[in-house]
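Have a look at the structure below, then the notes.
The values are calculated or read from the model by the stated rules, or taken from the named source; none is laboratory data. All figures in this text were calculated on a predicted structure; none of them were measured in a lab. Glycine gets a Cβ as well: all are built from the backbone with ideal geometry, and neighbour counts include every protein chain shown. Surface areas here come from the heavy atoms of the whole protein model, side chains and all, with no ligands, DNA or RNA. Shrake-Rupley method; radii C 1.70, N 1.55, O 1.52, S 1.80 Å.
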Amino acid sequence: MNAPQLLRGFNFLYFALLAIFIPFLPVYLAGQGLNPGQIGFIVGTGGFVTIISQPLWGMISDRTRTIRKVLLLLLLFAGVLGYSLYASDRFIPLISFAMLLYFFLMPIDPLTESLNFRVAEAHGVSYGSIRTYGALGYAVMSLLAGYVMSYFGGHILAPLFAGIVLLSLVTTWTMPDAPVSGKPVTLGSLKAFLGNKETVLFLVLVLISSVPARMNDTFLGVYISELGGKPELVGQAWFLAAGSEILVFALSFWWLRKGQELMIISISGFFYFLRFFLSVWLTDPQQLVFLQFLQILTFPVFYSAAIQYLYSIVPAEWRATGQTVLALLFFGISGIVASYAGGALYNAFGGKSLYVCISGMSLAGFIFGLILYRLSRKERNV
């Protein structure tokens, strides 16, 4: 089996693990008696751990000149910790295993994306043709995990998680390695990268837009439960959301136009606003599940356009740094703000008030994106 095929299989399995961890961790914690504030604290602290662990393991991969061996080590620890997390029911073990799992599981994401780009380039295939299998794995496992959790209880996630890790280890063992040539993030490169005004404004846009998106990611399952939905509905919601991404990633070569990235980002911001605003008024959890299909016009559109725009404004020698900063901002820093603030809002005012707030933030991101688009057009016409 060739490298792209093996990597497609690994993408499927790894994002299946993320589907068990990201959307179902809050649901599992709520089932163990934790309130939204405590859940927000755990997920938010996990964001701090991710900010530290992703650059750390990236540097280890750079220094050792290997991705595959680092992935094997991370997966081994993640399997043990994931099983222990979903087999626990007390607060201290839950938070301890969750933090350690953030440390070992989340750094696999940027390493996998690095492999995806390198293998796609080396074998003359599109990045989307590989990354699409990640979206497929996330969608399938979201649906499956929701049903098995409904029928067998939350602790069933422990053997499910461990089993997928075993399959991931076998797949990784058979994959060819890819030496790392990118430079790790340093203070000097970070200073040069952030010295560009256009870059700073763009990163502000990413932060404004990603915080409400991450709030939804964290508390969607809790909100569905509040409306009377069972875990299987949480799985259906994430199946629709992740499944809708497949076509978008696969056809990104067709719809993603150079020079129009800020407008595309702004359009996705409007649909983020629409999705969250409608969530305020829905009282039937099944309707909220169907609403997640709007993911097709939000995250995959936003993130694909953001990466392409970043590459257009950052010099080639700073692209590795830029991609790392973008990932840390979208998935790390925004996750911290979203979890702590979202948990406090949810605990104090409930789910509807939370979605009022995040729809307002998404509207602000939409407006700010249009402003940046207008400014960029003026600069090009000068």
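Once C-alpha pairs closer than 8 Å and six or more residues apart are averaged by separation and normalised to the residue number of the chain, the relative contact order reads 28 percent. If you look at the Cα atoms of the range 95-156, you get an Rg and a Dmax of 15.8, 45 Å.
Take the Cβ atoms of residue 258 and residue 280, set R0 to 51 Å, and the FRET efficiency comes out at 0.90.
Treat every Asp and Glu Cβ in the chain as -1 and every Lys and Arg Cβ as +1, leave all other atoms uncharged, and give the resulting dipole magnitude about the Cα centre to the nearest 20 debye.
780 debye
Peptide packing for 90-96, 361-367 was compared via the average number of neighbouring C-beta atoms within 10 Å per residue; ordered from the highest value, the list is 361-367, 90-96. A full extension of the chain between residue 87 and residue 378 corresponds to an added length of 99.1 nm, given 0.36 nm per residue minus the alpha carbon distance. Positive contributions from Lys and Arg (+1) and negative ones from Asp and Glu (-1), summed over other residues with Cβ under 13 Å from the Cβ of residue 21, come out at -2. Taking each DSSP H run with n ≥ 4 as -39500 (n - 2.57) and averaging over every residue of the chain yields -27500 deg cm²/dmol at 222 nm.
Mind checking the full-extension length gain between residue 35 and residue 247? Use 0.36 nm per residue of separation minus the Cα-Cα distance, one decimal, nm.
Full extension of this stretch gives 72.7 nm more.
How many Å² of accessible area per residue for the chain, probe 1.4 Å? Accessible area per residue: 42 Å². Comparing 351, 195, 46 in a Gaussian network model of the chain where C-alpha atoms under 10 Å apart are linked, the largest mean-square fluctuation is found at 195. Fully extending the segment from residue 177 to residue 80 would add 32.5 nm, taking 0.36 nm per residue of separation and subtracting the current Cα-Cα distance.
Applying 1/(1 + (r/R0)^6) with r as the Cβ-Cβ distance of residue 349 and residue 313 and R0 = 56 angstrom yields a FRET efficiency of 0.90.
Just want the answer: with Cβ charges of +1 for Lys and Arg and -1 for Asp and Glu, which residue in 223, 292, 329 is farthest toward the dipole's positive end in the range 221-348? Farthest towards the positive end: 329. With a 1.4 Å probe and all protein chains left in place, how much of the accessible area of the chain comes from carbon and sulfur atoms, in whole percent? Result for the chain: 69 percent of the exposed heavy-atom area is carbon or sulfur. Note on the chain: GNM, Cα springs under 10 Å; of 139, 16, 120, the largest mean-square fluctuation is that of 120. Measuring how big the chain is from its alpha-carbon positions, Rg and Dmax come out at 19.8, 64 Å. Charge tally for residue 352 (other residues, Cβ to Cβ under 14 Å; Lys, Arg +1; Asp, Glu -1): -2.
Across 85, 17, 256, mean-square fluctuation computed from a Gaussian network of the chain (C-alpha pairs under 10 Å connected) peaks at 256.
On the beta carbon distance between residue 226 and residue 201, with R0 = 35 Å, the FRET formula returns roughly 0.40.
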